[in-house]
Amino acid sequence: MKRYSIPNTNLEVSRIGYGCMNLGGAWNQAPLTAADISRAVGLVTTAHEQGINLFDHADIYTRGKSEAVFGKVLQQQPDLRGKIVIQSKCGIRFRDDPRPGDPGRYDFSYEHIVQSVEGSLRRLQTSYLDVLLLHRPDPLVEPEEVARAFDELQRSGKVRYFGVSNHTAGQMALLQNYCDQPLVINQVEMNLLHAYLIDEGVIANQAGGQYTAAAGTLDYCRRHEVMIQAWAPVAGGKLFNPPPQAEERVRKTADLVAKLAQEKSTTQEAIVLGWLLRHPARIQPIIGTTNPDRLIASCLADDVTLTREEWFALFVRARGAPLP
Ligand SMILES: NC(=O)c1ccc[n+]([C@@H]2O[C@H](COP(=O)([O-])OP(=O)(O)OC[C@H]3O[C@@H](n4cnc5c(N)ncnc54)[C@H](OP(=O)(O)O)[C@@H]3O)[C@@H](O)[C@H]2O)c1
């Protein structure tokens, strides 16, 4: 698989990354089973065989079990660590953490960021994260504290590079004003059915245009060389054989996806992901399937090149309205 260099790092990553959100099985505190471990070994091995070298985690995924099962994979295959890029996230806290009755919340405090990374390293059985992302913007963020946490994590060798997820241009600029380390990634929800960050540039200054909060996020990232990662890149599978009662724009887009896949002798996954890869911002889809066949079908996107006409035909069908 072809690779991207992440600007301002020495990391070379596959154009498609593997999302480990559901690698640990159910979102509960049941212990990992032998079946969970062998399934994870299979998925990580398949992803790596397809050329994927970036694995996306978060401290909360399947309540820590995704990182823990990945740690078991690394334990079985110690050579793998040096060949891959491991990224995790922090900043979301579940209800009842740590005291019963505590609300679900975001937490970018120094203590929480540092403790979260230490927990991730323990579960992953590794001494460093290649990249740490702040998971979702914390309205109580104190950027000086984030900067202090980043300094400490970098100084101690626990984290090499830093980034954000679900952040707007303004939120990134605020953080960057305080942090010495460049923010190198912004991971955002993006797919044909959720293309607001792309569409907002098209509808700017149109009557009824919305999306003002995130305005300019994609352009900010391009201008400051922040790599965009797309989460939910296949919209959770909604574009593959949608039921008759699905929204019209979903059905029409799915029809075109199927037609293009047939014309290009490739898979529907490859067309949906190829739409993201065709964007010049060098977007890296983070795929989340837990089915090895779909994982392989997805990686065929690396060989697909959509024309400008095909890209717009998909875009217009998916937005459900003609261009202005
Ligand atoms: N930063 C954030 O806030 C954030 C939020 C969510 C996710 N993420 C990251 O992004 C990754 C991907 O997210 P995602 O899992 O939502 O994305 P996704 O890849 O768009 O969706 C995966 C889901 O779609 C299903 N699916 C995939 N291909 C399918 C097909 N051909 N037919 C039917 N169903 C299909 C999968 O089921 P099967 O497993 O059965 O294939 C799985 O449930 C996660 O693993 C995580 O690393 C980040």
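Read the figures in this text as sums done on the coordinates, not as results from a lab. In this text the structure is predicted, and so the values were computed from the model without any measurement. Methodologically, a virtual Cβ is constructed for each residue, glycine included, from the backbone with ideal geometry; neighbour enumeration extends over all protein chains shown.
Only helical runs count toward this figure. For the chain, summing -39,500 (n - 2.57) over DSSP H runs of n ≥ 4 and dividing by all residues gives -12000 deg cm²/dmol at 222 nm. Rg and Dmax of the chain, based on Cα coordinates, read 19.6, 58 Å. Listed cross-link partners 83/259; 238/259; 72/264; 65/238 are compared with a 28 Å cut-off, the Cα-Cα value being larger for 83/259; 72/264.
Spin-label model, residue 29 to residue 263: label points 7 Å out along the Cα-to-beta-carbon direction sit 5.4 nm apart. Seen from residue 154, the other residues with C-beta closer than 10 Å to its C-beta sum to a net charge of 0, counting Lys and Arg as +1 and Asp and Glu as -1. Over the C-alpha trace of region 91-237, radius of gyration and Dmax come out as 16.6, 53 angstrom.
With 0.36 nm allotted per residue and the present C-alpha distance subtracted, the residue 96-residue 307 stretch has 71.0 nm of extension available. The P(r) of region 1-143 has a tail past 24 Å containing 33 percent of all C-alpha pairs.
Seen through its C-alpha gyration tensor, with square-root eigenvalues sorted a ≥ b ≥ c, region 168-211 comes out oblate because a/c lies at 1.5 or above while a/b is not bigger than b/c. Counting every alpha-carbon pair across region 209-324, the share separated by more than 17 Å comes to 59%.
Where the alpha-carbon atoms of region 162-269 are placed on the principal axes, they occupy 50, 35, 22 Å, in descending order. Kirkwood radius and radius of gyration were both taken over the C-alpha atoms of region 134-205, and their ratio Rg/Rh is 1.06. Here region 11-85 is treated as a sphere whose radius is the Kirkwood value from Cα pairs; by Stokes-Einstein at 20 °C and 1.002 mPa s it diffuses with a coefficient of 173 µm²/s.
When both region 177-223 and region 93-136 are represented by their alpha-carbon centers, they are found 26 Å apart.
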